[in-house]
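Beneath this line is the structure, given in structure tokens, with notes to follow.
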Amino acid sequence: MDSEDDMHDANDIESLDDDFYSGETEDAPMDYYSDYYDEPDDYFDDADDSDRIESRRPEQNFTILKESDIRQMQEDDITRVATVLSISRVAASILLRHYNWSVTKVHDAWFADEDHVRKTVGLLEKPVVQFPNARELTCGICFESYPRPRIESAACGHPYCISCWAGYISTSINDGPGCLMLRCPDPTCGAAVGQDMINLLSSDEDKEKYARYLLRSNVEDNKKTKWCPAPGCEYAVTFDAGSGNYDVSCLCSYSFCWNCTEEAHRPVDCGTVAKWILKNSAESENMNWILANSKPCPKCKRPIEKNQGCMHMTCTPPCKFEFCWLCIGAWSDHGERTGGFYACNRYEAAKQEGVYDETERRREMAKNSLERYTHYYERWASNQSSRQKALADLHQMQTVHIEKLSDTQCQPESQLKFITEAWLQIVECRRVLKWTYAYGYYLPEHEHAKKQFFEYLQGEAESGLERLHQCAEKELQQYLNAEGPSKEFNDFRTKLAGLTSVTRNYFENLVRALENGLADVDCSGAASSKATSSKNAAGSSKGRGGGRGKGAATRSSSSNRMTDDNFWSCEHCTYANPKSAATCTMCQQQRR
């Protein structure tokens, strides 16, 4: 394993997380859609598809470990410590467990104060008690006398019979991973019980359990290594915390955030994800719904929803109280003179006097809050469903359709990787798009310029994703259903590869902007202006299967498009700026 010098402790990771999501970077000005009109024909030049794909992927900052890899690393660490300190492998294993499998910490502590380390860990140099000439010894647990060969001791020398040792060890192993720090049964003794005693006195089942605990401790006690949180996955991941990106993709196909171990959620920070997940599972929205859509029975106070019919309400048994929905008064006091079944004069009169103002205000606030939350949650959940559908389509494509397409179009499967790459891009973009709705929910309402800019970027990215998804899902079908090679297949290849590239650029720009906290927007200068945004595309789309985005902005190939004689349109965000302005009021990009 790597030395501790190469590791980051928990504080390092937290500080990296703060820097990563605070937007305190010095990136060059972002050219948001400069690659939009790159010629897609060049995407598949003479080079192989896979070479292009690999060149565009970010450098991997993590390593996936199988069980054999973990065991080998563990053995190497034990060997290093045993060799350097001139101690047994059992003693080296005990030391490493105590210091969380950090070779550097073991060396530093040992050479600083060996006696203190030995006392703390329980590695005694001399026995505490000795019976050099005794032929029989009394067990300290059952107090029976046994011949010397039937007695075993840890480094301390306290004698216990084999049967009592076996029971003591078996109980400790069945109690859980605490058996890895097993000490002598004598309450006053702190001598460590090593794996040699476990192997000598335990059953095969207990030995296997102990070995499993030992292997897992190498991951769970190591700050640089974690298990993949996917259900049933037994891979571990080592991570380079200095790279800034916390997204990890396991070999089991599950992607998660190294920092919080939730599902991968870039570009949203871990704090926002925690708040969003808590909100989705909390009872607060249920109470908002009850407050916005029901009224309490005047007698028993149970909430009642009115979904149709007249104003005459009857509470459910055993209450059965009859009352007016509008004024909450007893129905016995109502009749034709108060407005009949569909109106209430008493309510209208009281409303004019302001009696119901506070109650109505609370109901309206709850309704607005609920509608806003529902707006974002439905789109978040819909993109999650779309992503699951895309994953299923990707699996179907890899296992069935690629082989069929290869036979139909007479092309090797290696030349069809552009289809798989398109579906992988769709899956990733659905994930990013899903979390942008959580980002949008927590974006402060008063920062109008940032909100408009966010909705514009989200709408552009979503519109590009819909075009890619349409092409990969619908247009591919004609070639899957074809009976022979098609002349238009190469044109389809170029189109799909180009859309994949363009969509990737859209989402990279969106992710970069959100991770920088939309720092390109001058809130004070642009808050009163109205940007040309794709608000409908960001606000109305619910992902594939949940409604297509409406009103996605289109872009001109002109770098300095003029809207009229007094304005110029920014090539980055399409905001209409005064002709005298040298920089864009919305995104602060220089006029070109």
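Observations on the model:
- Residues in the stretch 80-113 that are crowded, with 19+ Cβ neighbours inside 10 Å and not in a helix (DSSP H, G or I): TYR99, TRP101, SER102.
- Residues (over 10 Å from the mean Cα position of the chain (by Cα) and on the phi > 0 side of the Ramachandran plot) located in the stretch 228-270: GLY232, GLY244, SER253
- Subset of the stretch 162-171 (residues that are open to solvent by less than 50 Å² (accessible area, probe 1.4 Å) and closer than 14 Å to ASP186 by Cβ): CYS164, TRP165
- Criterion applied to ALA292, ALA274 was being modelled with pLDDT of 80 or more, of a type in the set (A, V, I, L, M) and part of a helix (DSSP H, G or I), and the one residue passing it is ALA274.
- Evaluating CYS228 against the criteria (1) surrounded by 21 or more Cβ atoms within 10 Å (Cβ to Cβ); (2) more than 19 Å from ARG71 (Cα to Cα) leaves one unmet condition, (2).
- Within the stretch 132-232, strands (runs of 3 or more DSSP E) holding 2 or more residues that are touching a residue at least 60 places away in the same chain (Cβ under 8 Å): none
- Tally, over the stretch 317-352, of residues that are within 52 Å of the chain's Cα centre (by Cα) and either modelled with pLDDT under 80 or in a helix (DSSP H, G or I) (or both): 13
- Comparison of THR554, THR494 shows that the only residue that is at pLDDT 50 or above and of a type in the set (Ser, Thr, Tyr) is THR494.
- Helices (runs of 4 or more DSSP H) wholly inside the stretch 430-520 that include at least 2 residues being closer than 25 Å to HIS395 by Cβ, open to solvent by less than 10 Å² (accessible area, probe 1.4 Å) and not acidic (Asp, Glu): 448-470, 489-515
- Residue within the stretch 96-109 that is touching a residue at least 12 places away in the same chain (Cβ under 8 Å), under 21 Å from SER217 (Cα atoms) and among the aromatic types (Phe, Trp, Tyr) present: yes
- Note on the stretch 198-212: residues that are of a type outside the set (Lys, Arg), closer than 21 Å to TRP101 by Cβ and buried (at least 17 other Cβ atoms within 10 Å of the Cβ) amount to 2.
- Hits in the stretch 65-79 - residues which are buried (at least 17 other Cβ atoms within 10 Å of the Cβ) and either outside any helix (DSSP H, G or I) or of a type in the set (S, T, N, Q) (or both): LEU65, GLN74
- Single residue of the stretch 277-289 satisfying the filter (under 22 Å from the mean Cα position of the chain (by Cα) and not small (Gly, Ala, Ser)) that is modelled with the highest pLDDT: ILE277
The values are calculated or read from the model by the stated rules, or taken from the named source; none is laboratory data. In this text the structure is predicted, and so the values were computed from the model without any measurement. Virtual Cβ from ideal backbone geometry, glycine too; neighbours counted across all protein chains shown. Just so you know, the surface numbers come from the protein's heavy atoms only, side chains and all, with ligands and any DNA or RNA stripped out. Shrake-Rupley method; radii C 1.70, N 1.55, O 1.52, S 1.80 Å.
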